[in-house]
1. I need every pair where a residue in segment 314-329 that is assigned to a helix (DSSP H, G or I) has its Cβ under 7 Å from the Cβ of a residue that is surrounded by fewer than 17 Cβ atoms within 10 Å (Cβ to Cβ) and among the acidic types (Asp, Glu), sequence separation at least 6 or different chains.
2. Taking the condition open to solvent by 20 Å² or more (accessible area, probe 1.4 Å), over 23 Å from residue 251 (Cα atoms) and among the polar types (S, T, N, Q), does residue 269 pass?
3. Determine, yes or no, whether residue 403 is open to solvent by less than 10 Å² (accessible area, probe 1.4 Å), among the aromatic types (Phe, Trp, Tyr) and more than 19 Å from the chain's Cα centre (by Cα).
4. Do we have residue 287 as closer than 14 Å to residue 340 by Cβ, in a loop (DSSP other than H, G, I, E, B) and open to solvent by 40 Å² or more (accessible area, probe 1.4 Å) here?
5. For segment 290-313, which positions are among the polar types (S, T, N, Q) and assigned to a loop (DSSP other than H, G, I, E, B)?
6. Are any residues in segment 53-71 within 11 Å of residue 5 (Cα to Cα), surrounded by fewer than 16 Cβ atoms within 10 Å (Cβ to Cβ) and in contact with a strand residue (DSSP E or B) (Cβ under 8 Å, 6 or more places away or on another chain), and if so, which ones?
7. What residue, of 80, 87, is over 16 Å from the mean Cα position of the chain (by Cα) and either open to solvent by less than 10 Å² (accessible area, probe 1.4 Å) or over 18 Å from residue 222 (Cα atoms) (or both)?
8. Would you pick out the residues in segment 193-207 that are farther than 16 Å from residue 253 by Cβ and surrounded by fewer than 18 Cβ atoms within 10 Å (Cβ to Cβ)?
Amino acid sequence: MHSILILGGGKSSTYLIDYLADSCQNKDRKLILADLDEKAALEKLKNRPNTFAKSLDVSDPEKRRSLIQESDLVISMLPAFMHPTIAKDCLDLGKHFFSASYVSEDLKKMASKISEKGLFFLNECGLDPGIDHMSAMKIIDEAKSKGHQITSFKSYCGGLLAPESEDNPWKYKFTWNPRNVVLAGQGTSRYVEKGDLKFIPYHNLYRRLESIHFKGLGDFDGYANRDSLSYRKVYGLENIPTLLRGTLRRAGYCKAWNVFVQLGMTDDSFEVNFPENSTLRDFINAFLPYDPQLSVEEKLGELIQDLDFPTFEKLQWLGFFSDRKLPKTSGSPAALLQAILEIDWALGKEDRDMIVMQHLFELETDQGKEVLTSSLVCFGEDSTYTAMAKTVGLPLAIAVDLFLDGKIKLSGLHLPILPEIYLPILEELGKRGIIFQEKSEFQP
């Protein structure tokens with residue numbers, strides 16, 4: 001009997017848990033779901049046969065390693081910074097390891113030992129990274145097999161709201177880790193455009209946008225991810241003139257978010273302490289010049305030169321020009337901003353989220369230049385069974401299922417970029433409604 005251990009039963013684990021728990025009913029498997037909240041873990045397992053909930057504080061190495069020792073395969077759904085610790089435990093104890101997160105430098109250092117032990121470690125097998133890699137590699141490998149040359153590849157993804165749930169001016173609510181949203185894009189973004197290296201420092205990131213259109217949904221703002229350059233090697237496109245990976249938000253979001261960036265309200269590097277009864281107006285005013293003759297609104301208008309009404313409306317809706325009480329008065333500016341947004345951007349019980357992803361390829365073919373657009377739109381069911389949970393959890397669950405069934409016969413440290421990994425996963429995702437729509441145009 002194969003024993004599967006899932007570490008972490010948070011929001012993005014719902015579909016993963018269901019898929020693998022269901023598989024325990026007709027395959028020789030057992031599933032252990034370990035979480036800080038054992039009761040919540042038990043509820044998610046729904047009393048299915050051969051499934052067990054365990055309470056686990058992952059900072060307890062003895063209990064953590066004991067649970068890993070009992071298992072054949074470990075899936076880490078913990079925060080990304082914990083993955084190297086779990087991966088090291090798996091390496092030491094001879095267990096296979098799966099995660100949806102980016103492969104870290106710490107994991108790369110383990111690569112030779114993972115291979116030596118004949119273990120299979122699969123990372124970046126969620127949504128972004130994950131489905132983006134798999135769907136892109138399918139197109140790339142098919143193009144190469146036809147002798148076509150890929151000259152440009154841009155890929156964008158966003159976790160957003162279904163149109164009927166866009167009931168605030170930002171058209172956004174949290175469907176993913178709020179801290180990651182607040183800190184998104186910090187550092188310098190790097191990509192290549194028509195052979196030229198391009199760098200976008202954080203203070204310019206939300207100004208350098210590309211408009212991305214989805215049929216039936218309208219326009220979105222696309223901004224560059226931190227590192228696109230390393231994916232030239234990952235995708236086998238070392239000499240491609242243009243490669244960019246980016247994030248999508250609704251049109252207008254980035255311009256408003258840029259106000260927080262320019263003021264310094266997304267800074268996580270220092271602590272602030274406001275008096276007990278401070279307001280949101282006090283919070284934003286702390287980042288504006290001192291001028292007793294001007295109101296907060298006037299000072300903001302002078303500092304942010306392109307402040308327009310839609311942007312002002314978004315800030316006003318959050319309460320930054322009111323006497324609304326600051327929900328958290330101590331912490332970094334980013335932490336205080338997060339506390340405000342977690343109230344206003346909370347996903348309502350009946351809200352539905354939406355995943356949008358689009359690949360934009362340009363290829364040189366025998367028929368001339370081909371512009372290929374591949375688009376994915378996926379809607380959630382409710383605030384529990386979200387599109388985010390579906391697209392993060394299902395690829396990982398399917399990969400585990402295939403591996404335990406002996407249909408993926410690999411060892412070593414991997415991303416889902418090989419046909420023997422991505423083809424069966426994409427096929428199974430297609431059966432569950434996660435399907436890309438492709439459009440091709442030729443320019444002779």
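1. That search, which allows pairs on different chains as well, returns 318/344.
2. Numbers: open to solvent by 20 Å² or more (accessible area, probe 1.4 Å): yes; over 23 Å from residue 251 (Cα atoms): yes; among the polar types (S, T, N, Q): yes.
It is true that residue 269 is open to solvent by 20 Å² or more (accessible area, probe 1.4 Å), over 23 Å from residue 251 (Cα atoms) and among the polar types (S, T, N, Q).
3. Details: open to solvent by less than 10 Å² (accessible area, probe 1.4 Å): no; among the aromatic types (Phe, Trp, Tyr): yes; more than 19 Å from the chain's Cα centre (by Cα): yes.
No; evaluated as a whole, the condition is false for this residue.
4. On the way: closer than 14 Å to residue 340 by Cβ: yes; in a loop (DSSP other than H, G, I, E, B): yes; open to solvent by 40 Å² or more (accessible area, probe 1.4 Å): yes.
Yes.
5. Let us first name the residues in segment 290-313 that are among the polar types (S, T, N, Q), namely 293, 295, 305, 311.
Once the filter is applied, which keeps residues that are among the polar types (S, T, N, Q) and assigned to a loop (DSSP other than H, G, I, E, B), segment 290-313 yields 293, 295, 305.
6. Of everything in segment 53-71, just one residue is within 11 Å of residue 5 (Cα to Cα), surrounded by fewer than 16 Cβ atoms within 10 Å (Cβ to Cβ) and in contact with a strand residue (DSSP E or B) (Cβ under 8 Å, 6 or more places away or on another chain), namely 70.
7. Values: 80 fails: over 16 Å from the mean Cα position of the chain (by Cα).
After applying the criteria, what remains is 87.
8. First, the residues of segment 193-207 that are farther than 16 Å from residue 253 by Cβ: 193-204.
193, 194, 195, 196, 197, 198, 199, 201, 202, 203, 204, listed by residue number.
The values are calculated or read from the model by the stated rules, or taken from the named source; none is laboratory data. As the structure is a prediction and not an experimental result, all values here were calculated from the model. Note that each Cβ is placed from the backbone with ideal geometry, even for glycine, and that neighbours are counted across all protein chains shown. Each accessible area value is taken on the protein alone, full model and side chains, heavy atoms only, with ligands, DNA and RNA left out. Shrake-Rupley method; radii C 1.70, N 1.55, O 1.52, S 1.80 Å.
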